[in-house]
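The values are calculated or read from the model by the stated rules, or taken from the named source; none is laboratory data. What you are looking at is a predicted structure, and each value in this text was computed from that prediction instead of being measured. When we count neighbours, we look across all protein chains shown, and the Cβ atoms used for this are built from the backbone with ideal geometry, even at glycine.
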Amino acid sequence: MTNPSEIVRIAAKGDGLTADGRHAPGSAPGDILLPDGTLERGPHHVTPPCRHFRKCGGCSLQQLDEQSLAEFVTSRVVNAADGQGISIGELLPAHLSPSKSRRRATLHAVNGGGKALIGFREGGSHKIVGLTECHILDERLFSVVDALRSILGRRKGKYSCDIELTLTDQGVDCSIKNLAIEGLEQTEAMLDFARDMSLARLTVDQGYGPEAMWEPEPVTITMSGVPVGFPSGAFLQATPDGEAVLAADAVAWLDGATTVADLFSGLGTFAFALAPKAKVLAAEAARDAHMACLLAARFSGRPIHSIHRDLFRGPLLPQELNAFGGVLLDPPRAGARDQCDQLAQSTTERVVYISCNPSSWARDAKRLVEGGYRLEKLHPVGQFRWSSHVELASLFVR
């Protein structure tokens, strides 16, 4: 008989749940919640690697071993499908990105008592944790944090800014929002910082829109062997290995389709992976991402036709979708309700749905199933290691 105080699973937001329904933050399956609220560690509870864990909001699951972390990622996806009554054909083993593999992140900086605090916010708070180490960011990103802390630490007066870091082909792209650069001394300090760190680009928004202060050469991201121009702030999969897994699923599941519609295509992450074997229509609403994809396709000679289209306001209609042997969609967190309504009325045989939100995915998946599709494959992907955020790849067939 199960001990009612034993942690039996991890809930969607990362808290452990006992057999009798009590929540226990920071616990792992197999732990025992003692009467005084402390935990007796079980076999799946490991020592968190980071000194900032439990205070920094960047991670919530560092106490889990690999097995429990994979089970959590899988359960988030499976429970979403079960909640909508969707049967899963084949459930693939979860992919977990390794530590220190995140290639993009948004950090926050403030003047905290005369020194610069740069890091993520505390969980459920606006307070910023000044990071001295980080086990999720690629070390090349974190080296920029160290240097920027030194630069900001010399500034006087209050400031509160956001720092977006992305690892590109040319190095780190650093974009800072809400930071005033006043006078020659501060300007030269920022340029020295960019030069010393060999930044790919330094962009600063002082309240009038982003301006590039430093960009020695055009910044690109290579996708399936094709360098694609990278607009500052554009969407990018969180880890290279996560992107590779999702792209490999898309290529394998759409194999044999000679024409594919890539909806919410962004910079062309999946379009360029598919294009060597298929003609691809890439539809994207963000103009800068659309233009980057269009130009890269043109210069590379890949058979990609890129169109600027808001799929929330104007989803592809059944008569348009019927021309494609397969459809891939990778919408934002809100999902693609209207586009899935149109897909459900189409005759398209295969749909690959990539999602960063199991809840909106499951809602849309139900509509596809009601329209005659079945969920043939489901692949949980834990790109955001030690976080409750989960991604997935799924294949629907008629």
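Quick look at the values:
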quantity	calculated
Strands (runs of 3 or more DSSP E) (entirely within segment 156-219) containing at least 1 residues that are closer than 26 Å to Gly113 by Cβ	160-168, 171-177, 201-205
Members of segment 63-90 found to be crowded, with 17+ Cβ neighbours inside 10 Å and assigned to a strand (DSSP E or B), listed by number	Leu64
Among residues of segment 134-145, those that are surrounded by 13 or more Cβ atoms within 10 Å (Cβ to Cβ) and more than 18 Å from Val204 (Cα to Cα), counted	8
Residues located in segment 361-398, provided they are within 15 Å of the chain's Cα centre (by Cα) and polar (S, T, N, Q)	Gln383, Ser387, Ser388
Qualifying positions in segment 252-291 - touching a Gly at 6+ places or on another chain (Cβ under 7 Å), in contact (Cβ under 8 Å) with a residue 40 or more places away in the chain and of a type in the set (Gly, Ala, Ser)	Ala257, Ala289
Number of the exception - Leu267 against (1) surrounded by 24 or more Cβ atoms within 10 Å (Cβ to Cβ); (2) more than 22 Å from the chain's Cα centre (by Cα); (3) assigned to a loop (DSSP other than H, G, I, E, B)	(2)
Positions within segment 146-174 being closer than 23 Å to Gly207 by Cβ, under 23 Å from the mean Cα position of the chain (by Cα) and not charged (D, E, K, R), in sequence order	Cys161, Ile163, Leu165, Thr166, Cys174
Pick from segment 203-232, criterion under 23 Å from the mean Cα position of the chain (by Cα) and of a type in the set (S, T, N, Q), ranking: surrounded by the fewest Cβ atoms within 10 Å (Cβ to Cβ)	Thr222
Pairs with Cβ under 6 Å, 6+ apart, first in segment 361-377 and in the same structural domain as Ala336 (by TED's automatic domain parsing), second assigned to a strand (DSSP E or B)	Trp361/Ser355; Leu368/Phe396; Tyr373/Phe396; Leu375/Phe396; Glu376/Leu395; Glu376/Val397; Lys377/Glu90; Lys377/Leu395
Matching entry among Ala116, Ala28, Ala12, Ala105 (being within 26 Å of the chain's Cα centre (by Cα) and assigned to a strand (DSSP E or B))	Ala105
Filtered residues of segment 81-96 (kept if under 14 Å from Arg367 (Cα atoms) and among the hydrophobic types (A, V, I, L, M, F, W, C))	Ala81, Ile86
Within segment 270-288, considering residues that are out of contact with any Asp or Glu (no Cβ under 8 Å at 6 or more places or on another chain) and assigned to a loop (DSSP other than H, G, I, E, B), the one surrounded by the fewest Cβ atoms within 10 Å (Cβ to Cβ)	Pro276
Residue match in segment 41-53 (condition: touching a residue at least 40 places away in the same chain (Cβ under 8 Å), surrounded by fewer than 19 Cβ atoms within 10 Å (Cβ to Cβ) and out of contact with any helix residue (DSSP H, G or I) (no Cβ under 6 Å at 6 or more places or on another chain))	yes
Segments classed as strands (runs of 3 or more DSSP E), wholly inside segment 289-389, with at least 2 members that are buried (at least 19 other Cβ atoms within 10 Å of the Cβ) and not aliphatic (A, V, I, L, M)	350-355, 374-382
Test for Leu179: is it in contact with a Phe, Trp or Tyr (Cβ under 7 Å, 6 or more places away or on another chain) and of a type outside the set (Val, Ile, Thr)	yes
